[in-house]
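Visitor: Sharing a structure here in C-alpha cells format.
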Amino acid sequence: MTQAQTQRYDDTFDGLADAMKGETWDLHKQAEKTGIMADMFKGRASRESYVLFMRNLLPIYRTLEAATSALEAFPTMQYGFTPALYRAPALEQDLAALSSPAALKALPFLRSAQRYCKDIELSVEADPAALLGHIYVRYLGDLYGGQTLAKVLERTLHLPPEGLSFYDFRAAGELIDVRSRFRHSLNDLRVTSAQKDAAVAAALSAFQFNIDVSEEVSASIVQDV
C-alpha cells in the first residue's frame, strides 16, 4: 500500500481558510493596531515610513513567490492562486515611483523582515502545506484590508496611482471574484491533519512576523528623527 493510499484526510473542519481565520483572529486584530500598520490606517504614517515598509515587504514577497512551486502538492490551488496575484513586480514599480534608486539602496533590510523570509523558506521546506498559511495571511490581507488601506494612503500621503500598484489586482480579474476563488480554493482543499496543522502554524507565524516588521519600521523611523 502506497503512502498516498494510507494518508488520512482531516474532514472534521469546514475548510482550511475558515480554520486559519479562526485560529489567527486575535493576532490579526493585533496586527492592525501595531506599528506602521496602525499609523497607516489612522492616517498618520509618513511617506518615509511607508517606503521603508514597502522596501521590507519586497523581499518577503520575492521569497513567497519563489516558493510557490510547493503548491504543486495542492494542484486545485491553481484555480484560486495564480501568478496574476504576485505582488513583487507591483512593489518594485511602486518603490521606483516613490523613491530614487540611491535612496532605496540606503534603506535597511530590517532584521524582522530577514527572519520572516527565513521562516518562509524553512517552514515550506519542512512541509509544503506551510505555504498555504503564508499566502493566506499575505494575499488575502492585500485583497481585503489592503483595499481600504490604499484609499487611506491615497488620501493622507497623496500617493500617485503609479505608487499604489501593490493594491491593484485588476490583472487577476474582478476583485470580488478573485477573493472568492482564493478563499474557496483553500476551503475546498482536502488536507491531512498534519497539513492543516502546518498551514495554521505558518499563518500564526506570518501574523507575528508581520507585527514584528510593522513595529520595527516604526521604531526605525523614530530613531532616525
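Visitor: Which of the residues that make up the stretch 118-166 are over 11 Å from the mean Cα position of the chain (by Cα), under 22 Å from SER69 (Cβ atoms) and of a type in the set (Asp, Glu)?
Guide: Scanning the stretch 118-166 gives ASP119, GLU121, GLU125, ASP127.
Yes/no per residue for (1) among the aliphatic types (A, V, I, L, M); (2) under 20 Å from LEU57 (Cα atoms):
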position	(1), (2)
LEU132	yes, yes
GLY145	no, yes
LEU157	yes, yes
LEU164	yes, yes
LEU186	yes, no
ASP197	no, no
GLN208	no, yes
GLU216	no, yes
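Visitor: For the stretch 116-151, what are the residues that are out of contact with any Leu (no Cβ under 8 Å at 6 or more places or on another chain) and of a type in the set (A, V, I, L, M, F, W, C)?
Guide: CYS117, LEU122, ALA126, ALA129, ALA130, VAL137, LEU140, LEU149
Visitor: Scan LEU122, LEU95 and give me the residue that is farther than 27 Å from ASP177 by Cβ, open to solvent by 70 Å² or more (accessible area, probe 1.4 Å) and in a helix (DSSP H, G or I). I'd like the intermediate steps shown before the answer.
Guide: Numbers: LEU95 fails: open to solvent by 70 Å² or more (accessible area, probe 1.4 Å).
Result of the check over LEU122, LEU95: LEU122.
Visitor: Being without any contact (Cβ under 8 Å) to a residue 40 or more places away in the chain, open to solvent by 40 Å² or more (accessible area, probe 1.4 Å) and within 20 Å of TRP25 (Cβ to Cβ), is that true of even one residue in the stretch 199-221?
Guide: Among the residues of the stretch 199-221, not one is without any contact (Cβ under 8 Å) to a residue 40 or more places away in the chain, open to solvent by 40 Å² or more (accessible area, probe 1.4 Å) and within 20 Å of TRP25 (Cβ to Cβ), which makes the answer no.
Visitor: Further question: What's the number of the condition ALA66 fails, among (1) open to solvent by less than 70 Å² (accessible area, probe 1.4 Å); (2) at pLDDT 95 or above?
Guide: The one condition ALA66 does not meet is (1).
The values are calculated or read from the model by the stated rules, or taken from the named source; none is laboratory data. All values derive from a computational prediction rather than experimental measurement. Positions of Cβ are generated from backbone atoms using ideal geometry, with glycine treated the same way; all protein chains shown enter the neighbour counts. Quick note on the areas: whole protein, heavy atoms, side chains included, nothing else; ligands and nucleic acids left out. Shrake-Rupley method; radii C 1.70, N 1.55, O 1.52, S 1.80 Å.
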